[in-house]
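*Asks:* Structure in structure tokens, see below.
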Amino acid sequence: MPSRPLRLLMVGSHPADTFDQAGGTLAHHAAQGDQVTAVTLTTGARSHHWQLIDQKRKLQEELDVEGLLEQAVKEKMDEVRKAAAILGLHDVRTLGFEDDEILLTREMVEAVADVIREVRPDIMITHHPYELGGLKLHATTGQAAIYASQQAMGAGRGRKTTHYVSKIFFMNPMGYMGHNVIDKKVRAMDMISSQYYGGAYSRKCHEISDGHTGGLAYVAYGEAFQAFFPECGYTLPFSEADIRKAEGLSEEGMARRSEIVAARMPLPEGMGFSSEHRIAPEQYRT
């Protein structure tokens, strides 16, 4: 165990990225007293305020998006702060870039590097730099974070401090937590109403995503990460949980994998699922 509380920095593209793929892991760290800072590159208002996008699709040029943007930004950041608080995360920030700026820029790298110098994280979590072949803002953010970590560790310019990030993890682009925080993660997703993430969707996505990842490790729910730096240890990593899996009965492992928590979380008032949104089979035929 580390001799002091750890400092973690989560660098995401959009507000919900703060926790939808790593929220359970971050909640565990916060609960054990580690310092967790969550930074989003953008406010997500242009691409992830889906209620606003729906209005745009209906009204097209009649809708003044710029006139509604300030309120949309406020709604997005209010949502993510409420969601993060459920997970025990209280240092939530945005760098304020426009989320339709999807190409990597020097300004993005420098902004993330400044946060690294301030927070001085032991661990940084971000998007995989080649998610979907590198052709989306998630990948751009991952690239910005890696370049920023390299910039922050150098001598820099002027009087800026230096800092070396010891470990960097990418959120698995194919995955979306111990079972004791899945309820918090579901309730956190319920807060993101501007993206229609709450209600039935939150419960289903955690069963199929976190449930799938956890099932591979013989637990109820899990979050997947990929390490950027090679791991170095005096001996090979092997935990008490590994011994239990090796020596336990198959029945015990299957019972752990079969536990259902997310789907049984009560729906928030006014949220539900309606079959009227189903796509009829004949519409799939070509």
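The values are calculated or read from the model by the stated rules, or taken from the named source; none is laboratory data. Treat the numbers as computed from the prediction; the structure is a model and nothing was measured. With ideal geometry, Cβ positions are generated from the backbone for all residues, glycine too; neighbour counts draw on all protein chains shown.
*Asks:* Here are some conditions: (1) acidic (Asp, Glu); (2) modelled with pLDDT of 85 or more; (3) more than 30 Å from Met1 (Cα to Cα). Glu269 meets all but one. Which one does it not meet?
*Replies:* Among (1) acidic (Asp, Glu); (2) modelled with pLDDT of 85 or more; (3) more than 30 Å from Met1 (Cα to Cα), the lone unmet condition for Glu269 is (2).
*Asks:* Hand me the list of helices (runs of 4 or more DSSP H) wholly inside the stretch 35-97 holding 1 or more residues that are polar (S, T, N, Q) and in contact with a Leu (Cβ under 6 Å, 6 or more places away or on another chain).
*Replies:* 50-59
*Asks:* Another question about this same structure. Report yes if Tyr234 is of a type in the set (Phe, Trp, Tyr), more than 30 Å from Gln150 (Cβ to Cβ) and out of contact with any strand residue (DSSP E or B) (no Cβ under 6 Å at 6 or more places or on another chain), otherwise no. I'd like the intermediate steps shown before the answer.
*Replies:* Numbers: of a type in the set (Phe, Trp, Tyr): yes; more than 30 Å from Gln150 (Cβ to Cβ): no; out of contact with any strand residue (DSSP E or B) (no Cβ under 6 Å at 6 or more places or on another chain): yes.
Spelling it out, it is not the case that Tyr234 is of a type in the set (Phe, Trp, Tyr), more than 30 Å from Gln150 (Cβ to Cβ) and out of contact with any strand residue (DSSP E or B) (no Cβ under 6 Å at 6 or more places or on another chain).
*Asks:* Quick one: count up the residues across the stretch 89-116 that are closer than 26 Å to Pro2 by Cβ and surrounded by fewer than 17 Cβ atoms within 10 Å (Cβ to Cβ).
*Replies:* Keep residues of the stretch 89-116 that are closer than 26 Å to Pro2 by Cβ, which gives 89-93, 112-116.
Narrowing further to those that are surrounded by fewer than 17 Cβ atoms within 10 Å (Cβ to Cβ): 90-91, 93, 114.
Matching residues across the stretch 89-116 total 4.
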